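Everything on this sheet refers to the single structure shown next.
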Amino acid sequence: MAIKKRIIPCLDIKDGRTVKGVNFCDLRDAGDPVELAKKYIEEGADELVFLDIAATEEKRKTRASLVRKIAAEINIPFTVGGGINSLADVSAVIQSGADKVSLNSSAVRNPYLISEIAGQYGNQCVVVAIDTKYVNNEWCVFVGGGKIPTGLMALDWAKKVVELGAGEILLTSMNNDGTRSGFALDITRQISEAVGVPVIASGGAGSKEHFRDVFQQTKASGGLAAGIFHYGEISIQDVKNYLKTQNILVR
Amino acid sequence: MSIAILKYNAGNVISVQNALNRLGVDSVITDNETEIRNAEKVIFPGVGEAGSAMKYLREKGLDKVLISLKQPVFGICLGQQLMCAFSEEGAVNCLGIFKTLVKKFPPVDTVPQMGWNNLLNPRGELFLNVTERDDFYFVHSYYAEICENTVATCDYILPFSAALQKDNFYATQFHPEKSGSTGEQVLLNFLKLQK
């Protein structure tokens with residue numbers, strides 16, 4: 001045996017509730033994050049990711065208390081992202097019990113933040129989330145919840161963030177997000193083969209076969225999904241049982 | 001039962017306390033020598049950088065306190081590495097409890113090892129009711145070489161010490177506090193030690 005492929009449910013949090021959209025829009029309520037987290041742990045989730053998608057200055061305090069509540073309840077690693085703009089933000093979520101932070105827009109605005117966090121908390125603590133969309137035959141990086149083009153190419157940016165100290169990349173294809181048509185295999189393959197840190201594939205999971213495809217056809221270390229798990233159409237345990245039959249190592 | 005969790009400049013000590021709370025065990029996070037010496041058990045957690053962590057321990061005199069403890073002590077992740085003789089991370093002499101070296105993984109696979117992996121031949125008091133089928137959560141770029149104190153190995157890039165034990169000193173490279181119910185079993189085994 002060896003290291004296992006990770007199945008990671010993602011909870012997009014807005015005003016303390018879990019929400020889910022399609023192609024980053026049309027948000028629907030999907031439940032209480034703490035209850036969902038506990039359900040996922042029972043189903044065999046390997047990690048949890050919490051993305052605060054409406055993080056604003058005045059909501060930071062609410063977030064810290066939610067992170068504390070989640071940290072007290074769960075016994076697997078968890079990452080918090082959304083509106084992490086400074087070392088002080090990192091310190092607040094780590095002290096509340098998060099294991100890793102995920103940067104997105106703030107890393108593009110201030111790439112040095114990656115190095116600062118890695119220097120203080122270690123590379124393993126810094127996840128850089130890359131939202132990418134296929135435009136004019138290129139995988140481009142978008143920020144601001146997918147609304148703002150950056151002019152960066154996903155592969156170049158991925159290499160750059162690893163150089164700066166990122167310990168993991170969370171790669172979301174905006175074209176695939178919420179469509180249930182499968183992960184974006186080509187860009188996931190390119191990036192996971194080009195960088196020396198774990199890459200988590202995200203966006204598009206709609207069936208257990210999609211997880212098989214991403215693990216067989218790319219070097220992704222994990223697959224992240226939200227919608228299919230929230231509404232109970234498929235359980236994490238179903239995915240894992242299936243992957244075992246395909247000789248993919250899972251916990 | 002009084003459990004002291006060593007407070008120092010490395011990582012997420014809160015998650016260890018949360019894990020103990022879930023097991024119904026109170027603990028105190030402290031760098032006070034008297035509190036540490038009087039605790040029935042001491043947990044030495046840590047995620048961070050070995051060089052700066054050792055420097056901090058020396059400045060606070062905690063290095064000498066740690067090696068002189070007689071009650072069960074449990075080092076986790078960086079805690080385990082700091083209990084070894086020497087770490088390549090920061091090229092620093094460590095506490096020297098375990099006579100082994102801490103080296104960086106060669107970059108032939110994804111580094112850090114981040115994720116769930118199983119143990120090979122887990123043995124001793126820490127691993128009662130634990131088998132090779134159980135997975136634990138690892139996050140590390142450096143590993144302790146296998147030595148006479150090794151009580152479980154793990155295979156990632158190469159075989160290394162997933163757990164070490166000598167006298168009253170216990171240590172794991174993985175995070176029991178983040179390893180679901182299998183991790184809780186290891187924590188319970190530590191909490192039940194009679195010494």
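When restricted to residues that are within 14 Å of chain B (Cβ to nearest Cβ) and crowded, with 19+ Cβ neighbours inside 10 Å, region A:129-170 contains 8. Residues that are in a strand (DSSP E or B), more than 8 Å from chain A (Cβ to nearest Cβ) and without any contact (Cβ under 8 Å) to a residue 60 or more places away in the chain do not occur anywhere in region B:123-134.
Among the numbered conditions (1) touching a helix residue (DSSP H, G or I) at 6+ places or on another chain (Cβ under 8 Å); (2) at pLDDT 95 or above; (3) not small (G, A, S), the only one that B:L158 does not meet is (1).
Candidates are the residues of region B:116-137 that are hydrophobic (A, V, I, L, M, F, W, C) and closer than 19 Å to B:K166 by Cα; the one that is surrounded by the most Cβ atoms within 10 Å (Cβ to Cβ) is B:L119. Of the set (1) in contact with a Ser or Thr (Cβ under 8 Å, 6 or more places away or on another chain); (2) surrounded by fewer than 24 Cβ atoms within 10 Å (Cβ to Cβ); (3) within 10 Å of chain B (Cβ to nearest Cβ); (4) on the phi < 0 side of the Ramachandran plot, all apply to A:D99 but (2).
Looking across region B:143-158, just one residue is surrounded by fewer than 21 Cβ atoms within 10 Å (Cβ to Cβ), within 11 Å of chain A (Cβ to nearest Cβ) and in a strand (DSSP E or B), and that is B:D155.
What tally of residues in region A:225-251 results from selecting those that are farther than 21 Å from A:T18 by Cα, touching a helix residue (DSSP H, G or I) at 6+ places or on another chain (Cβ under 7 Å) and without any contact (Cβ under 8 Å) to a residue 60 or more places away in the chain? Total meeting the criteria: 3. Hey, does region B:170-188 have a residue that's among the aromatic types (F, W, Y), under 13 Å from the mean Cα position of the chain (by Cα) and within 12 Å of another protein chain (Cβ to nearest Cβ)? Yes, region B:170-188 has at least one match.
Look through region A:1-19, keep the residues that are assigned to a strand (DSSP E or B) and either at the interface with another protein chain (Cβ under 8 Å from one of its Cβ atoms) or within 15 Å of A:K240 (Cα to Cα) (or both), and return whichever of them is modelled with the lowest pLDDT. Out of the qualifying residues, it is A:P9.
Within region B:25-42, residues that are without any contact (Cβ under 8 Å) to a residue 40 or more places away in the chain sit with their Cβ atoms under 7 Å from residues that are of a type in the set (D, E) and surrounded by fewer than 17 Cβ atoms within 10 Å (Cβ to Cβ), at 6+ positions apart or across chains, in these pairs: B:V28/B:E35.
What about B:I67, is it surrounded by 23 or more Cβ atoms within 10 Å (Cβ to Cβ), among the hydrophobic types (A, V, I, L, M, F, W, C) and either out of contact with any Asp or Glu (no Cβ under 6 Å at 6 or more places or on another chain) or modelled with pLDDT of 95 or more (or both)?
Details: surrounded by 23 or more Cβ atoms within 10 Å (Cβ to Cβ): no; among the hydrophobic types (A, V, I, L, M, F, W, C): yes; either out of contact with any Asp or Glu (no Cβ under 6 Å at 6 or more places or on another chain) or modelled with pLDDT of 95 or more (or both): yes.
When the stated conditions are applied, B:I67 does not pass them.
On inspection, A:A205 fails the criterion of being more than 12 Å from chain B (Cβ to nearest Cβ), out of contact with any helix residue (DSSP H, G or I) (no Cβ under 8 Å at 6 or more places or on another chain) and buried (at least 24 other Cβ atoms within 10 Å of the Cβ).
So which residues in region B:65-81 are farther than 14 Å from B:V42 by Cα and out of contact with any strand residue (DSSP E or B) (no Cβ under 7 Å at 6 or more places or on another chain), if there are any at all? Matches in region B:65-81: B:L78 only. Which one is nearest to the other protein chains (Cβ to nearest Cβ), of the residues in region B:85-111 that are in a loop (DSSP other than H, G, I, E, B) and among the hydroxyl-bearing types (S, T, Y)? Across region B:85-111, the extreme among qualifying residues is B:T110. Report yes if A:A194 is closer than 30 Å to A:E116 by Cβ, buried (at least 22 other Cβ atoms within 10 Å of the Cβ) and within 14 Å of chain B (Cβ to nearest Cβ), otherwise no. No: the conditions fail for A:A194. Listed here are the strands (runs of 3 or more DSSP E) enclosed by region A:51-160 that have at least 1 residues being out of contact with any strand residue (DSSP E or B) (no Cβ under 7 Å at 6 or more places or on another chain): A:126-135, A:148-153.
The values are calculated or read from the model by the stated rules, or taken from the named source; none is laboratory data. What you see is a predicted model, and the numbers here were worked out from it, not measured in a lab. No Cβ is skipped: glycine too gets one built from the backbone with ideal geometry, and neighbour counts run over all protein chains shown.
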